[in-house]
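Q: One structure is given below, represented as structure tokens, and several questions about it will come after.
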Amino acid sequence: MLEIEFHDREKEIQEIMRILNSRPNLITFVYGPINSGKSSLMCKIAEELGKNYVVFYVDLRERFVKNYDDFIRVLFKVHRSKVKDYKAFLAKVLEGFNFEGLPIPKNLLIELLKSSDVEDFFEYVITVFETVREKRKTPILILDELQVIGDLKINDLLIYRLFNLFVSITKKRHLAHVFAITSDSLFIERVYSEAMLHGRCRYLLIDDFDYNTTKEFLEKYNFSQEEIDLTWNYFGGKPVYLVEAVKNKDRLKEFCEESLEDRFNFILYRVNALKRENPDLFEKVLTLFKAFENEDKTECYEIGDEVIWTVKNNILFLDPRKRLLRPQSRLDLLAVRKIVEKVTAIK
Ligand SMILES: Nc1ncnc2c1ncn2[C@@H]1O[C@H](COP(=O)(O)OP(=O)(O)OP(=O)(O)O)[C@@H](O)[C@H]1O
Ligand SMILES: [Mg+2]
């Protein structure tokens, strides 16, 4: 079977290592278009860190999180043991630990869930990190797909309580590094305009590969210049598609055309449904799509309904820091152009 190895990201790895080698201070929001390789990059870095780090990795998309209990159960990895001395428990389980949710004994989890006070949980999280520190190691908390709990409420919005916890463990106590990953650009926009996070976080854009990185990647799998150009023309530097292109090298042209057809059909069905349900919004979406007839990005100063609709449907990506809107991938750009052509022809 063809093994695809992790490619490049040297600059990004360097930047993250620079963060990890300094005292925890700011929360890092890792964002970027869909399937750009955010999770792969963070996992790759985490796997290769030496014994001086302890990584707590929580993927909020792994399970269906619809309420507070679900969130807690994803955040923590339950240990069956019945424990009285939590510090002793942590000192033991944190030995040889890596890459799971935060360890918690079942009896404490049940007790804390009963009290249903999120602050009790957060106090325990701090104890976990302090125990790691006592071992002279650096804790790292990675929360993947944080937007999943963006609207979850316990009295008030859980996400704000969580942001407070993050600020406490980074800027206030310098206890642990915190990375929050998201592919939801509306969520990042919300974070970006959140007053309580000003001066307390940084943003790291993990984008699709640029042309040279894409070329180097494809050359590893013996792509000719012509095959590289074809692949770049359809998929740009979107890693997930490049991997598939390698697998379909012997039928590349067909694969490219099929992929575009699939993407075009998906968007066409979505806009046709919108036309029936909300003709006004449909017109606005179409006008927005037209901005991409000759450009591959457009400026965005206001987040209107058409922006929300296209971003929510994973067609466009919004980078609030650059105030730019662009299709999620080169394939989406081509599909959007085809949609404009088709709809204009019908009119
Ligand atoms: N640096 C890389 N080298 C090789 N392949 C990669 C690389 N980055 C990503 N990929 C490929 O792209 C796929 C998607 O990457 P990944 O899931 O990390 O993206 P993501 O940005 O986290 O996606 P999502 O937006 O869905 O969270 C991976 O399964 C892998 O096959
Ligand atoms: Mg991901």
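We did not get these values from a lab; they are worked out from the coordinates using the rules stated. The structure presented is a predicted model; accordingly, all values stated were derived computationally and were not measured. FYI the Cβ positions are ideal-geometry reconstructions off the backbone, even for glycines, and counts take in every protein chain you see.
Q: Can you list the residues, at least 5 places off or on another chain, whose amide H is less than 5 Å from the amide H of residue 59, using H built in the peptide plane?
A: Close amide H contacts, sequence-distant or interchain: 144.
Q: Please rank 65, 30, 243, fewest neighbouring Cβ atoms within 10 Å first, as an exposure proxy. The partial results should precede the final answer.
A: On the way: 65 19, 30 25, 243 16.
Final ranking by Cβ density, sparse to dense: 243, 65, 30.
Q: Restricting to lysines 8 or more places apart or on different chains, can you count the pairs in region 248-346 with Cα atoms under 29 Å from each other?
A: Counting lysine pairs in region 248-346 gives 28.
Q: Okay, next question. Among the helices of the chain (complete DSSP H runs), which have Cα atoms covering no less than 18 Å along the helix axis and a Kyte-Doolittle mean of at least -1.0? Could the numbers behind the result be given before it?
A: Details: long enough: 118-134 (24 Å, 0.29); 252-277 (38 Å, -0.57); 330-346 (24 Å, 0.71).
Both cut-offs are met by 118-134, 252-277, 330-346.
Q: With +1 on each Lys and Arg Cβ and -1 on each Asp and Glu Cβ, how big is the dipole of the chain about its Cα centre, in debye rounded to the nearest 20?
A: On the way: 55 positive and 57 negative charges, 265 e Å.
Roughly 1280 debye, rounded to the nearest 20.
Q: For residue 84, go through the lysines and keep the ones whose alpha-carbon is under 30 Å away, minus same-chain ones fewer than eight residues off.
A: Once the sequence-local lysines are set aside, what remains near residue 84 is 51, 92, 106, 114, 135, 137, 172.
Q: Still on this structure, I have one more. Of 49, 204, 331, which has the largest mean-square fluctuation in a 10 Å C-alpha GNM of the chain?
A: 49
Q: Treat the count of other C-beta atoms within 10 Å as a stand-in for reagent exposure and order 231, 127 from fewest to most.
A: On the way: 231 27, 127 14.
Ranked by crowding around the Cβ, least crowded first: 127, 231.
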